[in-house]
Each structure stands twice: as structure tokens, then as C-alpha cells.
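Shown next, in C-alpha cells, is the structure this report addresses.
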Ligand code: ADP
Ligand code: MG
């Protein structure tokens with residue numbers, strides 16, 4: 001049973017950045033307005049995500065780390081209509097089973113002054129402590145020694161620097177799409193990133209891409225049956241010789257989609273023949289029944305039922321916006 005859990009967990013949790021992604025998604029689902037991410041050694045030593053979201057009572061906290069425990073699905077029909085970022089109830093249990101220790105401190109926001117906090121500690125996948133504690137409203141989850149007990153997996157982790165780079169990518173990407181939440185990322189004592197709550201994604205984009213690129217971003221939008229697309233694409237990309245910078249979200253979740261990346265590249269290819277690299281943010285709102293999130297257990301690669309239609313819509317929207325801006 002333990003072994004099966006670890007194998008399954010290894011598929012959901014590949015590296016420190018996957019832990020950060022899952023924890024941040026949970027914080028977003030919990031309605032947080034502030035999310036603090038702290039890591040050490042690129043997340044290999046420590047990952048701590050703290051939010052001011054709805055929190056959990058004692059019972060929910062104990063349930064949260066059980067496999068297939070999710071508070072986000074109530075009936076079978078819900079599976080097709082999932083609006084929240086998480087839904088499988090696998091993340092926390094998986095993380096707990098591949099970490100040396102996981103500690104969760106939480107208190108419900110709605111509990112008034114009588115509410116007490118709960119601390120839950122899991123070591124090697126087993127609950128070793130569950131007690132009342134004083135705590136601020138919200139949730140803090142700390143993960144130490146990721147894959148310490150799964151040497152085969154730990155071996156594949158890159159240097160702290162390289163792992164940190166992936167974490168930065170996850171946090172900054174979420175700061176863009178969820179711009180009404182303020183994000184902070186620390187590596188040890190050093191603050192790596194900070195965004196403040198804002199009404200548009202321009203603010204976080206400016207912080208990530210710098211003034212030069214941010215000034216040249218043009219917005220685009222498109223709509224078709226069951227899909228709506230919005231985003232920004234950079235007009236002048238000459239100053240950047242780095243690889244493509246394309247971030248894609250589906251229903252607020254950071255995803256990878258070969259179809260979407262190709263669609264963006266295609267818009268650039270036909271306009272800028274000199275092999276310059278696209279910089280774009282694409283956010284898709286789509287009827288969840290049109291998305292297949294099951295292609296990869298980590299839920300990062302998605303497929304669309306009408307993939308060509310979606311891709312064409314994206315390509316056309318970006319091309320039109322870039323052409324209009326170039327006039
Ligand atoms: P899922 O997100 O798929 O439901 P997880 O394993 O990520 O599964 O989380 C399990 C459950 O724990 C969630 O459904 C939620 O009820 C609770 N939970 C996890 N993180 C938080 C958080 N930051 N704030 C409030 N509740 C949380
Ligand atoms: Mg989750």
C-alpha cells in the first residue's frame with residue numbers, strides 16, 4: 001500500500017516546483033488574498049506556503065492528507081464542471097508520502113474568536129501529531145526533505161538554483177493570472193519576487209518582464225462557442241534572444257498545451273519571419289467538458305476536444321492584434 005502510494009505520488013509530484021504549484025493552487029481555491037511562498041535549497045530542503053484563505057477545521061485538516069479526500073467534488077456530475085483548480089484530492093497525500101515531513105497549521109476564517117487552530121504533522125506519510133494551536137486564520141503548509149525517502153527520485157532533481165528557477169516560473173505565472181492576489185516568494189532570506197494586488201495583469205507582467213517588454217505588450221481577445229480567449233503578446237521581441245516565453249492558463253490553472261504553444265508560435269512565424277521568439281500570455285476560459293485534463297497525472301498538459309478550432313482562434317487573435325499594433 002505504501003509503495004503504491006509512493007509510485008502514484010511520484011507521478012503527481014515530480015519536483016519541488018510541482019509541490020509549490022499544488023500548494024499555491026490550493027491557496028487560490030481557498031480564496032486567499034495573500035500567498036507567501038518560502039523555499040530553501042530550491043525547495044529540496046524546505047517549501048512553505050502560507051495563505052489567508054478559508055482555512056480548515058480539525059476534521060478537514062485530518063481529512064486533507066488522506067488520498068482522494070477533496071472538499072471540491074460533491075457528486076459524480078461535478079467532475080465535468082470543475083471550476084476549482086484542484087479536484088482529485090491527491091496532491092496533499094502524495095506530497096506527504098514523498099516528504100520527510102509535512103506540517104500543516106490552519107484555522108478557519110469564518111470561526112470567529114472561538115475558533116482554534118489545528119496543527120497536523122506527518123512524517124513519512126504517517127500522522128504523528130494532531131493538536132490544537134493558536135494560529136492566524138488561513139493555512140500554512142510546510143514540506144521538508146522532499147524525496148528524502150525516495151532516493152531514486154531525489155537523484156533526478158537538479159541543482160538548487162535550477163529547481164528554484166522552476167519555482168519562480170510557477171509563482172510568477174500564478175501572480176499574472178491571479179493578479180488580485182498578492183504573491184511573495186522568498187529563497188532563504190532573499191526576496192525573489194513580490195506582486196501587489198492589482199486590477200489587471202499588467203502590474204505583475206511589468207515586474208516579471210521589465211518595462212521594455214511590458215510596454216510592447218498588446219492585448220488580444222476572441223470568442224467562440226464554449227471558449228473565450230484573452231491575453232497579451234509582445235510586439236517587439238528583438239531585444240530578447242532567449243527561448244519562447246509563453247504562459248498558458250486554462251480556467252485559471254497554469255497548464256502546458258502543445259496546441260496552444262504552437263498556435264502562438266504560428267502567429268509570430270507568419271508575421272516575423274526572422275525567427276524571433278514569441279512572448280505571450282494566453283488565458284482560455286472553456287467549458288470544462290471540452291478539456292481533457294487527464295492526459296498527465298500532474299494535470300499540467302491538457303488537451304482540448306476541438307483542438308484545431310481552439311488553436312486557430314488563438315493564432316488569429318494574436319496575429320490580428322500584432323498586425324493592428326504594427327500599423
Ligand atoms: P484537491 O485540491 O484536489 O481537493 P488536495 O490534496 O490538494 O486536493 O487538497 C485536499 C483538500 O484539503 C482540499 O480539497 C481542501 O479541502 C483542503 N485544503 C488543502 N489546502 C488548503 C488550503 N490552503 N486552504 C484550505 N483548505 C485546503
Ligand atoms: Mg489541490
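The values are calculated or read from the model by the stated rules, or taken from the named source; none is laboratory data. Just so you know, these numbers come straight off a predicted model, no measurement behind them. Every residue, glycine as well, gets a Cβ built from its backbone with ideal geometry; the counts of neighbours run over all protein chains shown.
Worth a mention:
- Which listed residue, of 175, 162, is touching a helix residue (DSSP H, G or I) at 6+ places or on another chain (Cβ under 6 Å) and on the phi < 0 side of the Ramachandran plot: 175
- Residues being part of a helix (DSSP H, G or I) and surrounded by 14 or more Cβ atoms within 10 Å (Cβ to Cβ) are entirely absent from the stretch 128-149.
- Here is the figure for the stretch 102-127: residues that are buried (at least 16 other Cβ atoms within 10 Å of the Cβ) and not in a helix (DSSP H, G or I) total 16.
- Residue in the stretch 14-35 that is modelled with pLDDT under 95, out of contact with any helix residue (DSSP H, G or I) (no Cβ under 8 Å at 6 or more places or on another chain) and more than 14 Å from ligand 1 (Cβ to nearest atom) present: yes
- All conditions but one from (1) within 19 Å of the chain's Cα centre (by Cα); (2) within 16 Å of ligand 2 (Cβ to nearest atom); (3) modelled with pLDDT under 95; (4) within 28 Å of residue 149 (Cβ to Cβ) apply to residue 84; the one that does not is (4).
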